[in-house]
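The values are calculated or read from the model by the stated rules, or taken from the named source; none is laboratory data. All values reported here derive from a predicted model rather than from experimental measurement. All Cβ positions, glycine included, derive from the backbone under ideal geometry; neighbour counts span all protein chains shown. Only protein heavy atoms, including side chains, enter the accessible area calculation; ligands, DNA and RNA are left aside. Shrake-Rupley method; radii C 1.70, N 1.55, O 1.52, S 1.80 Å.
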Amino acid sequence: MNLRDQLDSPLFTHFIANYTHPTGPDLLARTEAFFQWQESRRQTGLWPYSRSLEGAPTAECGVRSEGGVARHGVNFGSQDYLSLSTHPAVVEAAHRAIRDYGVHSGGSGMFGGNTTPGLQLEQALGEHLEMPYVALFATGWGAGFGAIAGLVRPEDHVVLDALSHASLQQGATAATQKVSRVPHLSNRAMRRKLQELRANDTANGILVVTEGLFSMDSDIPRIEELQNLCHEFGATLLVDVAHDLGALGPRGTGSLGAQGLLGKVDLVVGSFSKTFSSNGGFVATRSPAVRQFVRVMGGPHIFSNAILPVQAAVALESLRIVRSEEGEVLRTKAMENILALRAAFAEGGVKCLGEPSNVVPVPVGDPKVARVAGKLVFERGVFPNMVEYPAVRIRESRFRMQVMSSHSVEQMKLGAEVVLRAVAEAREFVEAPQQSPLRAARVESGKRVEV
Ligand SMILES: Cc1ncc(COP(=O)(O)O)c(C=O)c1O
């Protein structure tokens with residue numbers, strides 16, 4: 001059976017969400033339906049996830065699909081925004097840390113897992129954010145989850161921007177059932193929600209959660225307004241700066257720096273897994289009490305091994321570069337690429353979403369078109385991330401192209417050209433049959449046309 005014959009089958013019409021609530025008493029056996037669906041996508045080249053890089057996350061690299069198909073081409077799928085993961089000084093810092101501290105953190109941060117590079121990283125990050133008390137976590141996920149789960153009790157409320165990252169959403173639902181979501185970036189809806197909550201409950205806490213840069217839409221909230229709302233209604237603001245810190249803003253201070261808010265928001269959480277070319281995360285606060293509370297009560301800090309010394313050393317050296325003249329040059333180069341990519345799409349008639357950042361979301365819409373286009377771009381050696389429901393709304397599938405300093409403007413033009421052509425071909429493939437009288441005739445006689 002060819003792909004066109006399957007356009008109305010689960011291969012194209014189902015999403016991960018169709019399989020998230022399997023039923024039956026056998027927890028293991030009931031994973032099978034999802035696996036079969038995923039396998040059919042893998043075998044037809046329509047499963048663009050869980051690919052492997054065959055080298056460093058450089059602008060050009062080898063990529064292997066989960067189905068085992070290898071291609072070489074332009075990498076738009078890595079979040080090494082300033083290309084620091086292969087920077088000689090960062091690699092040297094990693095070697096030094098391994099030589100001096102070994103490759104293990106040996107325990108959780110509570111039980112001997114802290115190391116000198118970690119302490120230095122806390123200090124440097126505190127200075128960078130003007131939030132002197134920093135708690136480290138083994139992942140950014142753990143930092144977001146742990147900050148919320150640590151501070152919020154079942155009587156308290158959490159109000160999230162509806163598009164907040166899964167770590168924040170899950171932290172909220174783990175902490176309390178009193179979770180609300182307001183429409184994305186709507187400070188007006190946030191005001192209404194805070195008004196409503198405070199009218200009914202003056203005794204408990206309210207945590208407001210947003211991000212410095214939303215990574216599926218590349219848009220940014222008006223953070224000062226949110227912080228003022230929090231002051232007005234006795235709420236606390238948490239901003240997750242995973243994607244913008246280091247990559248945007250003056251001296252890489254992200255959206256907080258760009259909006260003149262360094263040291264002025266209640267809580268900042270973030271990750272080293274993007275610009276800082278490492279793994280790990282942090283919670284930053286102006287209060288020593290909050291830092292200690294989140295460390296001990298948050299879960300992931302106390303019950304996971306600490307960030308590795310080599311990870312901390314890499315993040316620390318990356319932070320040094322982020323804050324230096326060289327960091328400014330790398331951000332300028334990345335922005336030149338970002339603007340070139342967005343311009344190339346605009347020339348091709350497609351307006352990228354949001355504001356210029358290292359994440360360039362290219363709207364596709366129809367998830368069937370996105371799946372076919374995702375297969376075509378991979379085969380043609382261009383590797384963006386394809387994003388579909390439930391990560392975005394069902395008719396809002398898109399390519400998320402991640403731009404790094406080490407890309408060239410030529411690669412931006414090539415990337416846009418290949419994606420635009422693939423989407424046009426995929427649209428024709430998906431839509432033409434329904435409109436074609438030829439297809440109707442063939443369908444009636446029980447046959448269909450090969451692509
Ligand atoms: C907003 C946000 N927070 C947290 C994380 C998780 O970070 P990490 O990869 O360090 O676990 C991500 C990464 O996808 C993110 O986008």
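Observations on the structure shown:
- When residues of the stretch 125-136 are limited to those that are open to solvent by less than 20 Å² (accessible area, probe 1.4 Å) and either out of contact with any strand residue (DSSP E or B) (no Cβ under 7 Å at 6 or more places or on another chain) or assigned to a helix (DSSP H, G or I) (or both), the one nearest to Gln311 (Cα to Cα): Leu125
- Test for Arg181: is it modelled with pLDDT of 95 or more, assigned to a strand (DSSP E or B) and over 30 Å from Asp80 (Cβ atoms): yes
- Filter result for Ser164 (open to solvent by less than 30 Å² (accessible area, probe 1.4 Å) and at positive phi): no
- Taking the numbered list (1) touching a residue at least 24 places away in the same chain (Cβ under 8 Å); (2) more than 30 Å from Val409 (Cβ to Cβ) in turn, Ala33 passes all entries but (1).
- Any hit, the stretch 147-156, residues being more than 16 Å from the ligand (Cβ to nearest atom), surrounded by 23 or more Cβ atoms within 10 Å (Cβ to Cβ) and farther than 16 Å from Val283 by Cβ: no
- Meets criteria (within 15 Å of the ligand (Cβ to nearest atom) and part of a helix (DSSP H, G or I)) for Ala143: yes
- Within this structure, Gly144 fails the test of being of a type outside the set (Val, Ile, Thr), in contact (Cβ under 8 Å) with a residue 24 or more places away in the chain and either surrounded by fewer than 21 Cβ atoms within 10 Å (Cβ to Cβ) or in the same structural domain as Val392 (by TED's automatic domain parsing) (or both).
- Candidate set: the stretch 192-216, residues that are away from the ligand (no atom under 12 Å from the Cβ) and part of a loop (DSSP other than H, G, I, E, B); chosen: the one nearest to Ala258 (Cα to Cα): Gly205
- Some residue of the stretch 37-49 being hydrophobic (A, V, I, L, M, F, W, C) and farther than 16 Å from Leu376 by Cβ: yes
- Condition met for Gly102 (outside the structural domain of Ile16 (by TED's automatic domain parsing) and open to solvent by less than 50 Å² (accessible area, probe 1.4 Å)): yes
- If the condition is being in a helix (DSSP H, G or I) and open to solvent by 30 Å² or more (accessible area, probe 1.4 Å), then the stretch 337-356 contributes Leu339, Arg342, Ala343, Ala346, Glu347.
- Failed criterion for Gly260 (all others in (1) open to solvent by 30 Å² or more (accessible area, probe 1.4 Å); (2) touching a residue at least 60 places away in the same chain (Cβ under 8 Å); (3) farther than 20 Å from Val158 by Cα hold): (2)
- Residue within the stretch 65-82 that is at pLDDT 95 or above, in a strand (DSSP E or B), of a type outside the set (Asp, Glu) and open to solvent by 60 Å² or more (accessible area, probe 1.4 Å) present: yes
- Pairs, first open to solvent by 30 Å² or more (accessible area, probe 1.4 Å) in the stretch 227-255, second part of a loop (DSSP other than H, G, I, E, B), C-beta under 8 Å, six or more apart: Gly234/Thr202; Thr236/Gly205; Thr236/Asp266
- Some residue of the stretch 168-176 being in contact (Cβ under 8 Å) with a residue 40 or more places away in the chain and either more than 11 Å from the ligand (Cβ to nearest atom) or buried (at least 22 other Cβ atoms within 10 Å of the Cβ) (or both): yes
- Checking Ser50, Ser40 one by one, the residue that is assigned by TED's automatic domain parsing to the domain that holds Ile338, out of contact with any strand residue (DSSP E or B) (no Cβ under 7 Å at 6 or more places or on another chain) and surrounded by 14 or more Cβ atoms within 10 Å (Cβ to Cβ) is Ser40 and no other.
- Hits in the stretch 70-85 - residues which are aliphatic (A, V, I, L, M), in contact (Cβ under 8 Å) with a residue 40 or more places away in the chain and more than 14 Å from Val322 (Cβ to Cβ): Val74
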